[in-house]
Structures are given as C-alpha cells and as structure tokens.
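Everything on this sheet refers to the single structure shown next.
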Amino acid sequence: MAIERWEPKILAFCCNWCSYAGADVAGVERRQMPPSFRIIRVMCSGSVDPCWVLEAFLEGADGVLITGCHPGECHYLNTNYHTARRYRLLRIFIEELGLEPDRLRLEWISATEGIKFAEVIRDMTEKIRALGPSRLGPER
Amino acid sequence: MEFIQSVCPGCCINCGLYIVRSGEEIKVDYRKRSPVNEGKLCKFGVDLSRYYAKERPEPTVDGKEVDLETAIGEAAERLKMASSAETGFLCMGNSTNEEILAFKRLAESFGIENIDCTLSKHIISTPEDLKPTLSVGVPFKSIEEADRIILISINPSLQYPLLLRRVIRAEKKGAEVVMLNPAESESLELEGAVVISEITQKTDPMLIKMILEAGKDARSICFMKPHANLTGAMLLGFYGVDISEKVKLGEIRSLFLLDPVPGDMDDLLSDLDLLIVQAGMKTRVSEVADITIPSPRFFEREGTVVNIEGRVLPVGGTSRAGVESLLKIMGGEMDFEDVRRGVWEVLGVDGANEDLIAITQGRR
Amino acid sequence: MGKCYLAWAKDPEIRQKGGSGGFVTATLLAALKEGLVERVLIVRRIDEFEGVPLLTDDPEEVKSCSSAHLAAPLNLSSYIPPGERVAVTVKPCDARAIIERSKRRQIDLEDIYMVGLNCGGTFMPVRTMEAVSDLFGLDPGDVLGFEVSKGKFLVEARSGTYTLPMVELERMGYGRRDPCRYCNINIPVMADLACGDAGVPPGMRATFVEILTDKGDELFEAGIKTSMIEFEEAGEEEIETRVRTDRRMSEDADMWWDELSSMIDEVDHLSYYINELGRCIHCGSCKIVCPVCACKDDAKCLDMGREGYRISLYNLIRLFHLMDSCIGCGQCEDVCPADIPLTMIHQRFERRMEKELGYRPGFEMSKPPLQEPEPGGKV
Ligand code: SF4
Ligand code: SF4
Ligand code: SF4
C-alpha cells in the first residue's frame, strides 16, 4: 500500500483583474500544478481583510497566498500598496504568534503571467510541505 | 458622571463594580479596589447596564395600575384574609439582607411558617452544626493558597469565572485540582482539601449530605449559589419548607414572592388564590401577580448582602423603598433602622466592611 | 526640549496641600478662570488606594482633589466628553491614548489641554493593600498615604512611616502593576505640559514644568495672568538631574521588559499564546476598556468565528488590530477575569511593529501604519 503523501492546504486570494486571470491562463494551458490549493477571487488584493487570512489559518489552511497586480498597475489606484503594508505586518504577526512566516506569501502576478502563477504555487507547496502542517489549524 | 460603588447581583460572589450614572444613562465601570474581584467581571457583570435597563413594574392590583399605597394596603388586607397555613413567603435570594429580614418579620407577623429561600429542603436535612458550612463559603484568598482543590459537580469556567481564576492561581502555585462527578466515583476522599461544589434548588439533597459527611476532614467546603444573596437569606434563617413542592401539591394557595426570577413553578402561579410580587424588575411572574409592588433596582437599594466569602457588602444605593413597603404591609411598627440593627444582630457583625471576612464557617 | 521652569501655586494653602507645590491644581484653576476650558477631568480620591474620574467646573472640587495620588490605574482618556473644551491631567499613557483616540475621531485634540504628569507607574489597589498588611503588618484602613520616592516605597500610616526599596518589593510580587514596570515613558512629551518632581531641588515645594506646545504656553500664561502661579527658570543642573532620572527610569523599564517578556521567548510561542488566550471567557472587557479601540457594536472582533479554533477569532483579530496602536496602558490586563497577561501579549506584537517600521503610537498625529500604503508597494 502506498503511503499517502501529506498535501498542504493552501488558500489563494487572487485579484480579479490580474492574477485570477493569470490562474485561469495557467489552468487553460494545463500547466502542472499541485491540487492542494483553493482560489478565492477578490476584487482587489487590497480587499483581502487581514482577518480573513487569520481565519483561514484557524480553519486549517497550511499556507495563504495573496496575489495582486504589479505596483503601479492596480485597478484601483494604489490599493495594492495597502496590501503590501498589511502583508508586511501580517508576516511579523504570524511569526510572533509562532507560525513560520513563509506560510504567508504575497506575489504580484499579472493576467498574462500564467507561468509565474503556476510556479509560485508549486514553489509554495514545496516550501510548506517542508514545513509540515500548520499548528494553528483545528485539532485533527 | 456619578460613580456609585455597587456589587453585582449576578451570583453569590457579588463582584464589586461601579454604576456610573450620567443623567438617565447607566454604565458599568470596573472597581479595581474591590477585594472580591479586583475589578474583574464576568459577562453578566459586563452587561449589567442592559440588565438594569429592563422594564420596571408598576404597582398593580388585579392587573390594574394603582398607586403604591393602594397596592401595599391591598396586600395587607388580602394577607389578613388568607389562611396562614396555606400561605407561603418565598425569597429567591435576589434581595438585600434588610429586605429579607423585613420579609421574615412580615411573615412572622401573620403567623406564617411557610418560608423558603428555595433551598429549605437542603438546609432542613443538614445537621445544625454543619449549617454554617452550607451557607457561607470560604475566603477566595484561601482557595489560592490551597494544596488540593476538589470540584464536585461544578464547572466554574461556565458558571463562576471569578472563582475559576482563584483555582487557576492555586494550580499555578502547585495545587492539585481534581474535578469529581460523584455519580461516577465510589467514595469521596476529601481530607485536607478545599472542596467546591454548588447548591441550587435542583441539587439532590443526597449529594449535599454526602459531601458534608465525607468533608468532615476537608480543609473547607464551599457551596456556590446561583443567586446574589442566598448566603444572606440562609444566615438570616429564611427557610422552613419547600414551597415549590407545596405549591405543586396544592397545599399553598397564597404566595408572596420577593424579587423572583423565572423558575419551574411559574406555570402553577396563575392557579393560586393570591399571588403578591415585590420586585425591581418586570418579569413573567410579576405580570401574572394579583398584586405587584415595585421596588428599586438592585443598585439603588440601601442595604447589604453577604457574599460567598462571608463579607458583608453594601449594595451601594440610598433607596429604602423595598424595605419600607414590606414594613408598611406589616403595619408600620418597625422602621428601616430597626431592621438594619436586626440584621447586624443576627449576622453578629457591627456593620458592613468589604475588607473584612466577617462570617466564617467556624472551621480551621 | 521645551522651556523649563520650577513653578508652584501662589496660594500658600494650595502650595502646601498639593503634591509638589500645587502647580497642577493652580494651573487647572487658572484654565477654568480664564475660560480656556469649560471643565477639567481629574482623579478624585476614594481612599488611599483608589481614585475615580471627576469631570468638574467647580474650583472647590478641583482644590479638594489637589493631593489626589497618581497611583490609581485609570485611563482618563476614555472619560473625555466629546465636543467640549477640557483640561485633563495625563500620565504618558493617558496622553498617548488621547492622541490615538483623536486619530480615530473619538475626540478632537484641539479641544483638549493635556496637563502631563511624569509617571513612575501605578498600583493595583488590592495588591497594594496586601503589600502594606503582608510586609508591614498594617491594617490598610490605617494607611494615610503611600508614594514612591528615590527608589523607595514609602507608606505613611497612623503608627508611623514604613519603607522598603522598590526593587525588593517588586521582587516579592508587590509594587507597580506589570505594564507600568515595563512602560519606558515617564515624561509625557506628547502632552502640552510635563510636570514632575524630578529636577526639583530637595526641600523645595515646587514642580518641574516643561512647556511642550503652544497650548502648554497658554496654560502657563493663564496661571501667570490670574496670579495663580509663581515660577523661576530651571537651571542647567536641575534640567540635567531630570534628564538623568528619566534615563534611569526608562532603563529600569527596559530591564523589566527584557525580564518579563523573555519568558515568552523561552517557550514555544504558539503553545504559549494558545494556552494563555485559551482561558478567555469572551467577557469583552478588554475591548471595552481599551482606550485606543474605537470600534462599536459592529466591531469585527465581535464576530467570534466558529467554536473550536485554537485561538478565538476575537483574540486574534484584536491582537492584529492593535499591533499598530497598543500603547501599553495596561487597562485590558487589569480587568481580564482570566488573568491573561494581555498587555504583555499586545506589546509583544506592537513592539515588533515598532522595530519594523520605526513608528510608535500615541506620539504624534500621523496615521496608524495599518491605514497607510507601503511606499512603492515593496514586498
Ligand atoms: S503605563 Fe506607563 S504611563 Fe501608563 S501608568 Fe503605567 S507607567 Fe504610567
Ligand atoms: S490593548 Fe490593552 S494595553 Fe494596549 S492600548 Fe488597549 S487596553 Fe491598553
Ligand atoms: S478580558 Fe480577558 S476574558 Fe474577557 S474577553 Fe478579554 S481576554 Fe477574554
């Protein structure tokens, strides 16, 4: 009997205007991507309330990815700069809390960067696989 | 912004707090000076302003609004007509010592022996020398200093968070804390331990008996109580018969309720010949009463309570109306000061002092 | 540094009765008289161990509070009536709370005159009563007053004066509340005036006053104009002494921080936080008393999330939201029925933010970092 490999659960918040489309491209082009992540489409990376990130970890996510438009390309002026600030503090926050900061990741991915999207997901999956399950998730 | 020093009416701990009054608005503030709780409150205390904002009853007779004097006069008349053997006085421990004693004197003046604080059946079946153990608990500081704490049929994290913190402090200092369910344990080993349990109307008297017997060599036993001044009511001797039982059997036809909370015999109340309610708050019970006598809200009352530690605490208000209504029904020979002196005498203290554990179980 | 004076109340009675020469009382009276403010918000003494806020325009009431001790662990910022001009006596944490509250439009800084009081820490009443009875065998009812002076805890009682070095007292678990031990701000530099003992020559009944803002100037001027105060300029040496005292006190605070907070570093963080916060009974008190939290009944943290989370959403959201604004006032920890060291925990996160961004809440009116964009969107 094959030993089942533990698959990390990753939740991705993807901006509607860029990376959600990027994810789509990645899917259409049938690039190899691990099955371990779920995408939530948001209207802007800046609309990702930090509370959602925390809730995701509490609900059992092993990693959370936020993707948005490259600096200067935000659909809503500079809202992604706010994302960057929150991300910066969220990383320190989860580190102080005792989670590995690499469980949280922010990437700027445009609509055409399907390849990059797939790569980010793969890379993140590998990193989190190495970290093991998050200890903030519900007791198993 | 007037800071009224008060105590929480939520349970027998009687946490200290401030009622802050600005005009009509009432807020709760934290009174860190209180030796009982150092300012900390549970959710009930935190939300107390909402509790106090509940509707107040009007004086009524047979469902019609009347003035207070009329309601009081009518109560006196009808009590006179009722047969004393079939009349009961029930105080649920939500009143001040002064009100409870006045209530007791009122019962006596009508020759009524059916008095109850909801725990009569537990008290009656307890030997005289153990009655103090049943009524007054232990200083919370002594819980912190215990080596062994046994919790029997009580979950303080749900019911008594302000007790729980003392238990946790003891645990941090190295105390052993055990939770026991007597239904599952053969015998109770309580030697040298601080034993904490709870007594409510629903508690099986056998359990109380068991704990008291097994606990003869315990360091102390503390029975928590769900209502603010059940300790005071017990110490003032407000017990005799199990009134709710008698109501159910139809042996009591007239009932006087002091500060009632909704309970298991509510459905039977409308069948009584006479129901008198004195309360500071409108409830389902006050709604079906033949006579309603409003009293001040708890924090507005002048008077005292005895908390579970044995401290005699001032409630903080200035209104004597609750006591005075009861005295008027009695005929007005006693006044508030008489009652107050009576309370000191029965409790064996010379005044209220929150810093003093005035009443103890008399154990080691 | 602003202009520095040694000042005192001209009225001999106020000078005698008030702490440090009655300057603060005299200034408050002058501010009322001159119409700078409608009312003053001060601390009314209940007994030696406890005080409550008092909002008044009655000079007699102000006078009667003149010797009110600072030791009450109150945060007055929460009692400021909006839309009214008031003068408030503030410790550093009151002043910082006022600034954060005005950023959140709870109050208008323009309306508020902050009479700053240097602060060496506050005391929990019950613990202090225990200290006087455990250590000196005193009945708390016989205590006439207590203070900290030159590193010593001094108790004035009917039976005499009792003293113990603060270090000893605090090693035994008495003394100032924990958040005050590691609060390293003693001079309220963000207020309009800073008043204190440090730098006052021994034996002189006066206050060392630093004028920090234009409003501070107005207050001082009001005192002069109404002939309520007298003053002389502070000399080099006095200024030096004050600086030294301040430095020593904040070093002492940092030492306490290292000591108390290192306990968290010695254990697994996540287990520590899960364990401590696991005792929370969600009474909501920590939010109610938090002077910098401006959220009402629709606050995000009040949506607790599901049962069974390792840490409740309430606690986690509050920790994150306060990361850029907790001023370490200690109010939450004071009232927590689960004895969770909340201020320590909030400060752990806040101080990390400080280190990352170089921003300290409660010093000036710049926006909280969580409301600001990251320049250039750098990740
Ligand atoms: S937190 Fe700081 S400023 Fe506030 S009372 Fe304590 S020592 Fe004083
Ligand atoms: S979180 Fe606690 S210590 Fe920080 S500002 Fe709020 S009440 Fe004060
Ligand atoms: S005060 Fe303590 S128990 Fe109450 S909600 Fe806050 S953390 Fe929880």
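The values are calculated or read from the model by the stated rules, or taken from the named source; none is laboratory data. Please read these numbers as outputs of a predicted model, since none were measured by experiment. Cβ sites come from the backbone with ideal geometry, for glycine too, and all protein chains shown count toward neighbours.
For region C:295-309, name all the residues that are away from ligand 2 (no atom under 16 Å from the Cβ) and under 23 Å from A:Leu136 (Cβ atoms).
C:Asp303, C:Met304, C:Gly305, C:Arg306, C:Glu307, C:Gly308, C:Tyr309
Does C:Gly376 count as within 8 Å of chain A (Cβ to nearest Cβ), away from ligand 3 (no atom under 13 Å from the Cβ), in a helix (DSSP H, G or I) and modelled with pLDDT under 95?
yes
Filter region A:94-113 down to residues that are facing another protein chain (nearest Cβ under 7 Å) and free of Cβ contacts under 8 Å to residues at least 40 places away in the same chain and give me whichever is surrounded by the fewest Cβ atoms within 10 Å (Cβ to Cβ).
A:Gly98
Is it the case, given these coordinates, that B:Phe89 is part of a helix (DSSP H, G or I), touching a residue at least 40 places away in the same chain (Cβ under 8 Å), surrounded by 24 or more Cβ atoms within 10 Å (Cβ to Cβ) and not polar (S, T, N, Q)?
no
Which of the residues spanning region C:108-154 are among the aromatic types (Phe, Trp, Tyr), within 16 Å of ligand 1 (Cβ to nearest atom) and either outside any strand (DSSP E or B) or surrounded by fewer than 23 Cβ atoms within 10 Å (Cβ to Cβ) (or both)?
Passing the criteria: C:Phe123, C:Phe146.
For region C:308-324, state whether one or more residues are assigned by TED's automatic domain parsing to the domain that holds C:Phe349, under 30 Å from C:Met1 (Cβ atoms) and touching a Leu at 6+ places or on another chain (Cβ under 9 Å).
Yes, because at least one residue in region C:308-324 is assigned by TED's automatic domain parsing to the domain that holds C:Phe349, under 30 Å from C:Met1 (Cβ atoms) and touching a Leu at 6+ places or on another chain (Cβ under 9 Å).
Name the single residue that is farthest from ligand 2 (Cβ to nearest atom) among those in region C:325-368 being closer than 19 Å to C:Ser78 by Cα and of a type in the set (D, E, K, R).
Looking at residues that are closer than 19 Å to C:Ser78 by Cα and of a type in the set (D, E, K, R), I get C:Glu364.
Can you tell me which residue within region C:297-331, out of those that are among the aromatic types (Phe, Trp, Tyr) and facing chain A (nearest Cβ under 10 Å), is nearest to ligand 1 (Cβ to nearest atom)?
C:Phe320
Identify all residues within region C:41-80 that are charged (D, E, K, R) and either in a loop (DSSP other than H, G, I, E, B) or under 20 Å from C:Arg101 (Cβ atoms) (or both); write none if there are none.
Across region C:41-80, the qualifying residues are C:Glu48, C:Asp57, C:Asp58.
When you go through C:Met190, C:Met124 one by one, which is the residue that is within 16 Å of ligand 2 (Cβ to nearest atom), over 30 Å from C:Pro368 (Cα atoms) and of a type in the set (A, V, I, L, M, F, W, C)?
On inspection, the qualifying residue turns out to be C:Met124.
Which one is farthest from the other protein chains (Cβ to nearest Cβ), of the residues in region C:356-373 that are of a type in the set (A, V, I, L, M) and surrounded by 16 or more Cβ atoms within 10 Å (Cβ to Cβ)?
Filtering region C:356-373 for residues that are of a type in the set (A, V, I, L, M) and surrounded by 16 or more Cβ atoms within 10 Å (Cβ to Cβ), the one farthest from the other protein chains (Cβ to nearest Cβ) comes out as C:Leu357.
Which residue out of C:Asp339, C:Asp334 is out of contact with any Ser or Thr (no Cβ under 7 Å at 6 or more places or on another chain), within 9 Å of another protein chain (Cβ to nearest Cβ) and within 13 Å of ligand 1 (Cβ to nearest atom)?
C:Asp334
For region B:5-27, give me each residue that is part of a strand (DSSP E or B), within 21 Å of the chain's Cα centre (by Cα) and not small (Gly, Ala, Ser).
Residues satisfying the conditions are B:Gln5, B:Val7, B:Leu17, B:Tyr18, B:Ile19.
Here are some residues: C:Thr27, C:Thr56. Which one is of a type in the set (S, T, N, Q) and within 25 Å of C:Asp246 (Cα to Cα)?
Only one candidate passes the filter, namely C:Thr27.
Show the residue pairs meeting these rules: Cβ distance below 8 Å; 6+ apart or different chains; first residue within region C:99-113 and in the same structural domain as C:Ala31 (by TED's automatic domain parsing); second residue assigned to a helix (DSSP H, G or I) and basic (Lys, Arg).
C:Ile107/C:Arg101; C:Tyr113/C:Lys215
Can you confirm whether region C:274-294 contains a residue that is assigned to a helix (DSSP H, G or I), within 9 Å of chain A (Cβ to nearest Cβ), away from ligand 2 (no atom under 16 Å from the Cβ) and touching a Lys or Arg at 6+ places or on another chain (Cβ under 9 Å)?
Yes.
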